[in-house]
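Written below as structure tokens is the structure these notes are about.
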Amino acid sequence: MKPFKIILLFFCIALSTSVFSQNIELKTNEKVFVDHLENIYTLDKENLKLISSEKTYEYQNNFLGEIQSIDISDPLQILIFHKEANQIIFLNKELSEIGPAISFDDLGLFDVELVSSSQINGFWLFNSAFQRIEFYDHRLERVHASRDLSPLLADAGSLQELSMVNDNIYLKTHKAGILVFDRFANYIKTLPIKNCSSVQYFNQKILYTQGSSIMAYQYELLETTTLLQLEEAINFARLYNKTLYYRVGNVLFKKVVE
């Protein structure tokens, strides 16, 4: 990888250019994730792996098939979305199944596009049939639903990710930015972050990758700053404690923050 240049400070701490450790080689089509405990996950179609400090765990369900997405916001209760099977299942910290899979067909939901864990027992989803986000509780009953989002999503392109962080729900789109909702599914605003490949939400800040840059957007100041600029594309980044993880090509780099 060619030398890189640090543009600005992030959260008042500098990224050291001298310390790299435990870089991980990835397959070309393999997705990578890092949770807040700094466990690393890789996903290759239906095969999910968890690389922890103790050992490597694996999950694969041949009956449910390929995994569309995972939500690792709670490493003790990981949400797996098997879109083609129209089912979700929860896994524990060792990637063992917690109870049976939940079938959206049984709930009368046949157009689920995105799924997210909830901090209040249950899960969120984007219902394409009604163009809205919905919250289902632990009894599998719908408790909250947004209004029809069609006007806001008319030029959105693809819907990419649904996340719940700090009582807010974020709907990431390709071209229309990131829609923000409160925990009752009320629309709040749209953040002007478009064409990004990876997003991490903090309190009043968002870390995201765009092309060959890692960027930071501050809600209150409505400012965007460039944190890291490379010559190669960066398609994933996470910052936890004093460690920055980012992917360039088929390598996940782990960089200590000083």
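The table below lists the values:
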read-out: Per-region count, region 53-82, residues hydroxyl-bearing (S, T, Y), touching a strand residue (DSSP E or B) at 6+ places or on another chain (Cβ under 8 Å) and either part of a loop (DSSP other than H, G, I, E, B) or surrounded by fewer than 17 Cβ atoms within 10 Å (Cβ to Cβ) (or both); value: 2
read-out: Residue tally, condition assigned to a loop (DSSP other than H, G, I, E, B) and touching a Gly at 6+ places or on another chain (Cβ under 6 Å), over region 83-136; value: 2
read-out: Qualifying positions in region 39-52 - outside any loop (DSSP other than H, G, I, E, B) and either surrounded by fewer than 16 Cβ atoms within 10 Å (Cβ to Cβ) or in contact with a helix residue (DSSP H, G or I) (Cβ under 7 Å, 6 or more places away or on another chain) (or both); value: N47
read-out: Tally, over region 19-38, of residues that are assigned to a loop (DSSP other than H, G, I, E, B) and either closer than 22 Å to G99 by Cβ or among the β-branched types (V, I, T) (or both); value: 2
read-out: Residue match in region 219-233 (condition: under 19 Å from H174 (Cα atoms) and of a type in the set (A, V, I, L, M)); value: yes
read-out: Lone unmet requirement of (1) free of Cβ contacts under 8 Å to residues at least 24 places away in the same chain; (2) surrounded by fewer than 16 Cβ atoms within 10 Å (Cβ to Cβ) for N203; value: (1)
read-out: Residues satisfying the stated conditions in region 72-87, i.e. out of contact with any helix residue (DSSP H, G or I) (no Cβ under 9 Å at 6 or more places or on another chain), of a type outside the set (A, V, I, L, M, F, W, C) and within 15 Å of I102 (Cα to Cα); value: Q77, H82, K83, E84
read-out: Subset tally (residues that are surrounded by 15 or more Cβ atoms within 10 Å (Cβ to Cβ) and polar (S, T, N, Q)) for region 116-127; value: 4
read-out: Flag for G177 being more than 30 Å from Y240 (Cα to Cα), in contact with a strand residue (DSSP E or B) (Cβ under 8 Å, 6 or more places away or on another chain) and in contact (Cβ under 8 Å) with a residue 12 or more places away in the chain; value: no
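Every number here is computed from the coordinates shown, using simple stated rules; none is lab data. Note that the structure is predicted; figures quoted are calculated from it, not measured. Reconstructed Cβ throughout: ideal geometry from the backbone, glycine too, with neighbour counts over all protein chains shown.
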